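Engineer: One structure, pasted below without further comment.
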Amino acid sequence: MNFAIIGCGFIAKKHALAINNIPNANLIAVCDRVSSSMDFYAQEYGAKTYLESKEMLKDPLIDVVCICTPSGLHVQIAEEVAAAKKHIVMEKPIAMTIEETDRIMYASKLNGVKLTVVHPNRFRTVVQETKKILDQNLLGKISHTNCLVNWNRGQEYYDQSPWRGTKAHDGGVLMNQAIHNLDLLLWFMGDPVEVFSLEATRLRDIEAEDVSTGVIRFENGSLANVQASTTVYSKNFEESITIFGEKGTIKIGGTNALHFEKIDVQSLDNLAIQDIVRRVEENPWGTSGHQKIIEEMIFAIQNNTAPAVTGEDGRQVLKLVLAFYESSASKKLISI
């Protein structure tokens, strides 16, 4: 598969490295309106450079395009890519609104191309092991979950580019950082039905929120507490998900939610739990989430199956974030 990247900012380097690490994938083109932003990819990977995406998309050798632009530009570019019959790897969030998301999904379907959204945390070893436990119903009925993302993003982070922290092109801590953890909550717990949330902009000079706290009621009856921030002094403090069930408790924790801080499951003896913990500690990051997303996309194209993370998955977590925003703005409980 031959890949191209549109948007050569920070996150594009993760895509390029992932592509380079896959034996049957090649990065052959990049596009950015700032010529110097493409120099690295031309020198490191031999990629051809383009200032305009429409020119790049004329290349018949390109099979898949990774869209790594500011989020507010996703819909326009995705429609161009789909019209050119190229498959799409979309950086999160899939878009900024549900209307934009539906346009992206419609364009993909209309043109017969695959669409995947980059939610790479699903492929962390500890997350995979937790999903296995949940799929086997080893925790029984879930009472509630806690989801915490207390990180640091200093003002210099937002000052890197004028679009960062804006509501039109980026969003705040929920849309930009905690959206990965909300995706995991949905993957673990199923569909949400009600949310209530409060957002604030406390310490960063941005338009969107830098701190958020909220609650979710899921279709299965369980509740979730969600707290997210980019205001923690002086570096990332914690990223965790704790699941409380009638037959067990699991906490995924640490600075980047890579380890089991608690695993107590009624039906698993000490040896079984030690084996699970050992697998996690031997390789906590697992294969790069970006690499797994792209590998799964290649498999989906070759076998005409759905990608591991679909456009609908991206739509569902965006819908949840937007419900949080609506709740905060209206000071009301929102039904989803």
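Engineer: With out of contact with any helix residue (DSSP H, G or I) (no Cβ under 6 Å at 6 or more places or on another chain) and modelled with pLDDT under 95 as the only criterion, which of GLN177, GLN136, GLN160, GLN128 stands out? Steps first, answer last, please.
Structural biologist: Working: GLN177 fails: modelled with pLDDT under 95; GLN136 fails: modelled with pLDDT under 95; GLN128 fails: modelled with pLDDT under 95.
Result of the check over GLN177, GLN136, GLN160, GLN128: GLN160.
Engineer: I've got another one for you. Can you find a residue that is open to solvent by 50 Å² or more (accessible area, probe 1.4 Å), free of Cβ contacts under 8 Å to residues at least 12 places away in the same chain, more than 19 Å from PRO284 (Cα to Cα) and assigned to a helix (DSSP H, G or I) anywhere in the range 100-108?
Structural biologist: yes
Engineer: Another question about this same structure. State all residues of the range 180-201 that are among the β-branched types (Val, Ile, Thr) and in contact with a helix residue (DSSP H, G or I) (Cβ under 8 Å, 6 or more places away or on another chain); if no residue qualifies, say none.
Structural biologist: Answer for the range 180-201, where residues must be among the β-branched types (Val, Ile, Thr) and in contact with a helix residue (DSSP H, G or I) (Cβ under 8 Å, 6 or more places away or on another chain): just VAL195.
One line per residue, one yes/no per condition, for (1) surrounded by 14 or more Cβ atoms within 10 Å (Cβ to Cβ); (2) in contact with a helix residue (DSSP H, G or I) (Cβ under 8 Å, 6 or more places away or on another chain); (3) more than 30 Å from GLY154 (Cβ to Cβ):
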site	(1), (2), (3)
THR231	yes, no, no
LYS235	no, no, no
SER240	yes, no, no
GLU246	no, no, yes
THR255	yes, no, no
LEU268	yes, yes, yes
ALA300	yes, no, yes
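Engineer: Would you mind stating whether TRP187 is open to solvent by 40 Å² or more (accessible area, probe 1.4 Å), within 26 Å of GLU326 (Cβ to Cβ) and either of a type in the set (A, V, I, L, M) or part of a helix (DSSP H, G or I) (or both)?
Structural biologist: So TRP187 passes the test.
Engineer: Kindly list, by first and then second residue, each pair from a residue in the range 56-75 that is crowded, with 18+ Cβ neighbours inside 10 Å to a residue that is of a type in the set (Ser, Thr, Tyr), limited to pairs with Cβ atoms under 7 Å and residues at least 6 apart or on different chains.
Structural biologist: Partner pairs satisfying both residue conditions: MET56/TYR50.
Engineer: How many residues does the range 166-184 hold that are over 15 Å from the mean Cα position of the chain (by Cα) and either open to solvent by less than 40 Å² (accessible area, probe 1.4 Å) or under 12 Å from VAL317 (Cβ atoms) (or both)? Spell out how you get there, then give the answer.
Structural biologist: In the first step, residues of the range 166-184 are kept if they are over 15 Å from the mean Cα position of the chain (by Cα); the result is 166-169.
Filter once more, keeping what is either open to solvent by less than 40 Å² (accessible area, probe 1.4 Å) or under 12 Å from VAL317 (Cβ atoms) (or both): 166.
Final tally of qualifying residues: 1.
Engineer: Next question. In the list ILE6, ILE28, ILE88, which residue meets the criterion of being touching a residue at least 60 places away in the same chain (Cβ under 8 Å) and either more than 22 Å from HIS119 (Cβ to Cβ) or hydrophobic (A, V, I, L, M, F, W, C) (or both)?
Structural biologist: Details: ILE28 fails: touching a residue at least 60 places away in the same chain (Cβ under 8 Å); ILE88 fails: touching a residue at least 60 places away in the same chain (Cβ under 8 Å).
Just one listed residue meets the conditions, ILE6.
Engineer: Taking the stated definitions as given, is ASN137 among the polar types (S, T, N, Q) and at positive phi?
Structural biologist: Yes.
Engineer: Now for a different question. Looking for something over 24 Å from PRO284 (Cα atoms) and small (Gly, Ala, Ser) - is there at least one such residue anywhere in the range 156-165?
Structural biologist: yes
Engineer: Being surrounded by fewer than 18 Cβ atoms within 10 Å (Cβ to Cβ) and of a type in the set (A, V, I, L, M, F, W, C) is the filter here; which residues of the range 29-55 pass it?
Structural biologist: VAL34, PHE40, ALA42, LEU51
Engineer: Could you tell me whether any residue of the range 109-116 is surrounded by fewer than 21 Cβ atoms within 10 Å (Cβ to Cβ), assigned to a helix (DSSP H, G or I) and without any contact (Cβ under 8 Å) to a residue 60 or more places away in the chain?
Structural biologist: Among the residues of the range 109-116, at least one is surrounded by fewer than 21 Cβ atoms within 10 Å (Cβ to Cβ), assigned to a helix (DSSP H, G or I) and without any contact (Cβ under 8 Å) to a residue 60 or more places away in the chain, which makes the answer yes.
Engineer: Let me ask something else about it. Kindly indicate whether any position in the range 14-22 is open to solvent by 60 Å² or more (accessible area, probe 1.4 Å), assigned to a loop (DSSP other than H, G, I, E, B) and not aromatic (Phe, Trp, Tyr).
Structural biologist: Yes, there is a match, as at least one residue in the range 14-22 is open to solvent by 60 Å² or more (accessible area, probe 1.4 Å), assigned to a loop (DSSP other than H, G, I, E, B) and not aromatic (Phe, Trp, Tyr).
Engineer: Out of the range 197-216, which residues are over 15 Å from ARG153 (Cβ atoms), open to solvent by 40 Å² or more (accessible area, probe 1.4 Å) and polar (S, T, N, Q)?
Structural biologist: Across the range 197-216, the qualifying residue is only THR213.
The values are calculated or read from the model by the stated rules, or taken from the named source; none is laboratory data. Keep in mind it's a predicted model, so treat the numbers as computed, not measured. Cβ atoms come from the backbone with ideal geometry, glycine included; neighbour counts cover every protein chain shown. Note: areas computed on protein heavy atoms with side chains; ligands, DNA, RNA excluded. Shrake-Rupley method; radii C 1.70, N 1.55, O 1.52, S 1.80 Å.
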